Ligand code: PEP
Ligand code: MN
């Protein structure tokens with residue numbers, strides 16, 4: 001079902017009027033985690049101001065250490081929903097487990113499935129029954145074939161609204177957190193009709209590299225970008241090192257707009 005043979009035209013997903021795929025370029029931005037109402041509102045207003053359409057923010061966080069900040073849970077979802085009310089932005093947030101499926105689906109416009117859950121097949125099967133777009137991040141060590149097969153779980157359950165997100169894979173390189181596999185964009189294009197978004201934040205792990213790799217993500221023909229930004233990256237409770245400041249994000253958005261129109 002993910003294959004171009006089955007569906008020759010690009011899938012266009014309509015998220016309450018924001019179209020993803022088929023030549024519509026979309027930017028999703030916001031902090032890694034929702035930390036407080038103030039932090040998220042400040043981010044949301046800045047995202048809106050740049051013309052980006054979708055606000056991101058994690059309320060349930062998959063952290064390497066169980067002692068790290070795990071997210072605000074439902075309180076974080078409520079703050080996201082409030083930011084949507086105020087700004088009109090659509091929201092995307094991560095769902096980590098089956099247990100919270102209904103709760104997350106009730107608040108969000110797009111359900112994000114994180115890299116670590118890309119092959120959580122029971123979760124993917126349930127998402128097939130949900131009437132919400134799913135953004136499926138590529139697993140840390142998943143091949144493109146495995147990633148498309150994971151998408152197939154959602155599609156075969158009846159949910160045709162799947163967005164793929166390339167967020168970097170594990171390689172031997174240690175200068176960056178992950179290696180953003182931009183090859184994946186043209187490869188996916190040749191194999192599938194599903195939209196593909198590039199996440200240069202997790203793909204590099206270093207804010208200084210995010211602008212260059214964002215522009216590369218546009219140039220390679222992706223359907224959009226997911227970028228982490230934070231009002232004060234040094235104080236961020238997660239992924240501060242890869243988060244742009246608000247002025248850095250605004251500057252990057254100006255450059256992206258020029259480039260996206262040219263590509
Ligand atoms: C995130 O988007 O903050 C995140 C945890 O992403 P990933 O699943 O790609 O690591
Ligand atoms: Mn993050």
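The values are calculated or read from the model by the stated rules, or taken from the named source; none is laboratory data. Every value quoted in this text rests on a predicted model; they were computed, and no experiment measured them. Don't worry about glycine lacking a Cβ; one is built from the backbone with ideal geometry, like all the others, and counts go over all protein chains shown.
Of note:
- Which numbered condition residue 62 fails, given (1) within 12 Å of ligand 2 (Cβ to nearest atom); (2) in contact with a helix residue (DSSP H, G or I) (Cβ under 7 Å, 6 or more places away or on another chain); (3) farther than 20 Å from residue 112 by Cα: (3)
- With respect to the stated conditions, residue 164 is away from ligand 2 (no atom under 16 Å from the Cβ), farther than 11 Å from residue 128 by Cα, outside any loop (DSSP other than H, G, I, E, B) and at pLDDT 95 or above.
- Residue check for residue 247: in contact with a helix residue (DSSP H, G or I) (Cβ under 6 Å, 6 or more places away or on another chain), more than 14 Å from ligand 1 (Cβ to nearest atom) and more than 21 Å from residue 19 (Cα to Cα): no
- Residues that are assigned to a loop (DSSP other than H, G, I, E, B) and either surrounded by 21 or more Cβ atoms within 10 Å (Cβ to Cβ) or within 10 Å of ligand 2 (Cβ to nearest atom) (or both) within region 225-236 comprise 230, 236, listed in sequence order.
- Hey, residue 216 more than 16 Å from ligand 2 (Cβ to nearest atom) and within 18 Å of the chain's Cα centre (by Cα) or not: yes
- Leading residue by the ranking (farthest from ligand 1 (Cβ to nearest atom)) among those in region 189-220 that are in contact with a strand residue (DSSP E or B) (Cβ under 9 Å, 6 or more places away or on another chain) and in a loop (DSSP other than H, G, I, E, B): 193
- Filtered by the rule that a residue be free of Cβ contacts under 8 Å to residues at least 12 places away in the same chain, outside any strand (DSSP E or B) and surrounded by 16 or more Cβ atoms within 10 Å (Cβ to Cβ), region 15-68 gives no residues.
- Residues satisfying the stated conditions in region 237-263, i.e. in contact (Cβ under 8 Å) with a residue 60 or more places away in the chain, outside any helix (DSSP H, G or I) and under 18 Å from the mean Cα position of the chain (by Cα): 238, 239, 243
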